[in-house]
Amino acid sequence: MKKNLLTILILALVIVNLTLTVITMISVTGTNKKTAALVDTIATVLNLELVSDEEDEGPDISLADTEIYTIAEAMTIPLKVTEGGKQEYMVCKIALSINTKDDDYKTYSSETISSYEPYIKQAIEGVISSYDSAYLSNPENREEVKKEVLKAIQKWMDSKVVYDISISDVKFG
C-alpha cells in the first residue's frame with residue numbers, strides 16, 4: 001500500500017511539474033517574441049543610421065563603361081610626423097576609374113585628365129598626408145582614406161566622373 005501511495009504521490013508531482021513547465025514556457029515564449037521584435041527594431045534603426053542618404057554606395061557602372069587612368073609615376077607622399085618626430089613616407093601607385101557615360105567625360109577623359117594630374121596628385125597628397133603609417137597600414141582604415149581621397153578629387157573636379165580610386169603597391173618608409 002505504501003508503494004502505491006508513493007507512486008501516486010510521484011505521479012502527482014510529475015503532473016504538477018509538467019503543468020508548471022508548460023505555464024513557464026508559455027510566459028517565456030511570449031516575452032521572447034516581444035524581445036525578438038525589439039531587437040529587430042533596434043537592428044533596423046542601426047542599419048538605417050549606418051547607411052545614410054548622404055553616403056552614396058557608389059554607382060553601378062559596368063566595366064565596359066569604365067576607363068582606367070593610371071598616374072604614370074608612383075607617388076611618394078610625406079605622412080604625418082610620428083610622436084618621436086620621425087618623418088615617414090608612403091609610396092604607392094594610383095589609378096582612377098572614369099565613367100565614360102558621365103556628362104563630364106569629354107572634359108575629364110583619359111586623354112585630357114593628364115593635364116589635371118598635378119592637381120589630382122595634390123588632392124591625393126592633401127588627404128593621405130594627414131595620416132601616419134600606423135593608421136594607413138590597416139586595410140579598413142585605408143578603405144576609409146580611399147573614400148576621402150575620392151571625395152576630394154570629386155570636389156576639386158566638381159564632378160563624379162571619377163567614381164573609384166585604386167591605391168596599390170603601397171610601401172612605407
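A short reminder: the numbers here are calculations on the coordinates, not readings from a lab. This structure is a prediction, so every number in the text was calculated from the model and none was measured. Don't worry about glycine lacking a Cβ; one is built from the backbone with ideal geometry, like all the others, and counts go over all protein chains shown.
For the chain, the longest principal axis of the Cα atoms and the long axis of helix 117-128 meet at an angle of about 40 degrees. Placing +1 on each Lys and Arg Cβ and -1 on each Asp and Glu Cβ, with no other charges, gives the chain a dipole about its Cα centre of roughly 1540 debye.
Compute the signed sum of charges (Lys and Arg +1, Asp and Glu -1) over the other residues within less than 13 Å, Cβ to Cβ, of GLU140. Spelling it out: positives minus negatives among the neighbours equals +1.
When each pair of different Cα atoms in region 125-173 is counted once in the 1/r mean, what is the Kirkwood radius in angstroms, to one decimal? Before the final figure, lay out the partial values.
Details: mean 1/r = 0.0868 Å⁻¹.
Result for region 125-173, one decimal place: 11.5 Å.
Largest GNM mean-square fluctuation among ILE42, ILE15, ILE61, using the chain with Cα springs under 10 Å: ILE15.
The phi torsions of region 151-165, fed into the Karplus equation with coefficients 6.51, -1.76 and 1.60 and a -60° offset, translate into couplings of 4, 5, 5, 5, 5, 5, 6, 6, 7, 10, 5, 8, 10, 7, 9 Hz, rounded to whole numbers, with Gly and Pro shown as x. For Rg and Dmax of the Cα atoms in Å, the value calculated from this model appears in (i) 15.6, 47; (ii) 22.8, 77; (iii) 30.9, 107 under label (iii). Pairs from the list LYS86/LYS121; LYS86/LYS146; LYS80/LYS106; LYS101/LYS155; LYS34/LYS146 with a Cα-Cα gap above 31 Å: LYS80/LYS106; LYS34/LYS146. Each of ASN99, THR112, VAL81 was placed along the dipole of the chain (beta-carbon charges, centred on the mean Cα), and the one lying farthest toward the positive end is VAL81.
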